[in-house]
Amino acid sequence: DASGVRLIDTTGKEVIPLQDKIAAKENYFEFSKGKSTGFYFIKTQTAVSGDYDTLEVDKAGNVLFLKNGLAGIMNTKGTVIIPGEYSYLVFDGENYNAAKNKNDKSAKTAKQIGLWLMHRFLTRMEKP
């Protein structure tokens, strides 16, 4: 018995396969099946999902992922733009601030992690 919901585009193409739940959000759809969650982004017509503890769309429009207790960021195409190696990762409206452990006295901005890395983040980051 194939119960659940799927998303079909206007041409009849299945863009999200059978899921337990699909919810329309602004600029994307969130889908889930069991404990697995993912997102289908309307503008890029791409899906991001996988074996993560947590996936969520952040205020910058990128995907925050948590795996084995460490956080990172992917763009809407699933390309990792900040590796999943940070205990703390927050977007302050302009920059991602990251710390590798709770004893890190000063959270580092992406600029402090390295200017070349910041340039890489910005050039690979997608605007919502």
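Note that the range 31-41 has calculated 3J(HN,Hα) couplings of 10, 8, 9, x, 8, 8, 10, x, 9, 10, 8 Hz, one per residue in order, obtained from phi through the Karplus relation 6.51 cos²θ - 1.76 cosθ + 1.60 (θ = phi - 60°); glycine and proline are x. Between amide H atoms placed 1.01 Å from N, distances below 5 Å from G50 occur with T37, all of them 5 or more places distant or on a separate chain.
Can you put D9, D92, D51 in order of accessible area, largest first, using a 1.4 Å probe? Before the final figure, lay out each step's value.
On the way: D9 55, D92 90, D51 125 Å².
If we order D9, D92, D51 from most to least accessible, we get D51, D92, D9.
Entry note, the range 24-89: relative contact order of 20 percent, from Cα contacts under 8 Å with a spacing of 6+ residues. Cβ-Cβ distance of D92 and Q45, R₀ of 41 Å, FRET efficiency by 1/(1 + (r/R0)^6): the value works out to about 0.90.
Heavy atoms only, probe 1.4 angstrom, no DNA, RNA or ligands counted: give me E85, E94 ranked by accessible area, highest first. Walk me through the numbers on the way to the answer.
Values: E85 75, E94 150 Å².
Highest to lowest solvent-accessible surface, that is E94, E85.
Full extension of the chain between V5 and D20 gives 4.8 nm of extra length, using 0.36 nm per residue less the Cα-Cα distance.
The values are calculated or read from the model by the stated rules, or taken from the named source; none is laboratory data. All figures in this text were calculated on a predicted structure; none of them were measured in a lab. Cβ atoms come from the backbone with ideal geometry, glycine included; neighbour counts cover every protein chain shown. Just the protein is used for accessible areas: all its heavy atoms, side chains included, with ligands, DNA and RNA removed. Shrake-Rupley method; radii C 1.70, N 1.55, O 1.52, S 1.80 Å.
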